[in-house]
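First the structure, then my questions, so here it is.
The values are calculated or read from the model by the stated rules, or taken from the named source; none is laboratory data. Just so you know, these numbers come straight off a predicted model, no measurement behind them. Here Cβ is always computed from backbone atoms with ideal geometry, including for glycine, and neighbour counts include all displayed protein chains. When the accessible area is computed, the model is the full protein with side chains, heavy atoms only, and any ligands, DNA or RNA have been set aside. Shrake-Rupley method; radii C 1.70, N 1.55, O 1.52, S 1.80 Å.
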Amino acid sequence: QVQLVESGGGLVQAGGSLRLSCAASGTIFRTSVMEWYRQAPGKQRELVAAISSDGSTNYAESVKGRFTISRDNAKPTVYLQMNSLKPEDTAVYYCHAYLKSLAGWSTTGSWGQGTQVTVSS
């Protein structure tokens with residue numbers, strides 16, 4: 001069974017930094033796109049950043065220049081370096097990945113359990 005486990009969330013003051021990690025475990029043969037989403041209270045879940053297997057990246061406009069997504073295909077793990085954090089970045093952050101396991105490729109991908117990021121003003 002494939003699992004995604006996030007870590008690195010916490011409480012930080014505005015202007016500070018955090019680094020999130022999401023490690024995939026289980027029998028995994030390949031990984032495709034890996035992503036970070038976030039969901040603030042009362043709001044819909046939104047895509048924050050995505051990285052393909054060849055390293056190309058996409059970012060939400062609200063985080064461009066402040067957040068950096070990266071990955072280690074050998075582990076496999078995806079990271080989100082968050083700098084110059086703002087109170088509006090407060091949310092639960094989820095990783096999402098398309099993985100090939102013993103069951104083949106999942107059409108919907110796999111989700112982590114989420115990690116809370118709180119930015120105080």
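Can you tell me how many residues within the range 1-49 are within 29 Å of Gly104 (Cβ to Cβ) and in contact with a helix residue (DSSP H, G or I) (Cβ under 9 Å, 6 or more places away or on another chain)? Break it down stepwise before answering.
At the first step, the residues of the range 1-49 found to be within 29 Å of Gly104 (Cβ to Cβ) are 1-7, 20-39, 45-49.
Subset that is in contact with a helix residue (DSSP H, G or I) (Cβ under 9 Å, 6 or more places away or on another chain): 38, 46, 48-49.
Total satisfying the criteria: 4.
Could you list, in sequence order, all residues of the range 78-108 that are farther than 18 Å from Ser21 by Cβ, in contact with a Leu (Cβ under 9 Å, 6 or more places away or on another chain) and not in a strand (DSSP E or B)?
Listed by number, the list holds a single entry, Ser106.
Here's a follow-up. Can you tell me which residue is nearest to Val78 (Cα to Cα) among those in the range 5-26 that are surrounded by 13 or more Cβ atoms within 10 Å (Cβ to Cβ) and not small (Gly, Ala, Ser)?
Among those that are surrounded by 13 or more Cβ atoms within 10 Å (Cβ to Cβ) and not small (Gly, Ala, Ser), it is Cys22.
Taking the range 95-121 as the region of interest, how many residues are under 15 Å from Gln3 (Cα atoms) and open to solvent by 40 Å² or more (accessible area, probe 1.4 Å)? Explain how you work it out, then say what you get.
Residues of the range 95-121 that are under 15 Å from Gln3 (Cα atoms), as a first pass: 95-106, 108-115.
Subsequent filtering for residues that are open to solvent by 40 Å² or more (accessible area, probe 1.4 Å) retains 98, 100, 102-103, 105-106, 108, 111, 113.
Residues that pass the stated criteria total 9.
Further question: Which residues, counting only those in the range 1-26, are of a type outside the set (Gly, Ala, Ser) and either assigned to a strand (DSSP E or B) or under 15 Å from the mean Cα position of the chain (by Cα) (or both)? Let's see the steps before the verdict.
Taking the range 1-26 first, the residues of a type outside the set (Gly, Ala, Ser) are 1-6, 11-13, 18-20, 22.
Across the range 1-26, the qualifying residues are Gln3, Leu4, Val5, Glu6, Leu11, Val12, Gln13, Leu18, Arg19, Leu20, Cys22.
I'm trying to understand the selection: among the residues of the range 27-52, which are at pLDDT 95 or above, charged (D, E, K, R), assigned to a strand (DSSP E or B) and open to solvent by 40 Å² or more (accessible area, probe 1.4 Å)?
Listed by number, the list holds a single entry, Glu46.
If you don't mind, there's one more thing I want to ask. Looking at (1) surrounded by 13 or more Cβ atoms within 10 Å (Cβ to Cβ); (2) touching a residue at least 12 places away in the same chain (Cβ under 8 Å), can you tell me which one Tyr59 breaks?
Here Tyr59 clears every test but (2).
Can you name every residue in the range 72-91 that is open to solvent by 40 Å² or more (accessible area, probe 1.4 Å) and in contact (Cβ under 8 Å) with a residue 12 or more places away in the chain?
Asn73, Lys75, Gln81, Asn83, Ser84, Lys86, Pro87, Glu88
Can you run down the residue pairs with Cβ atoms below 6 Å, 6 or more apart or on separate chains, where the first is in the range 1-19 and at negative phi and the partner is of a type in the set (Ser, Thr, Tyr) and open to solvent by 60 Å² or more (accessible area, probe 1.4 Å)?
Filtered contacts from the range 1-19: Ala14/Ser121.
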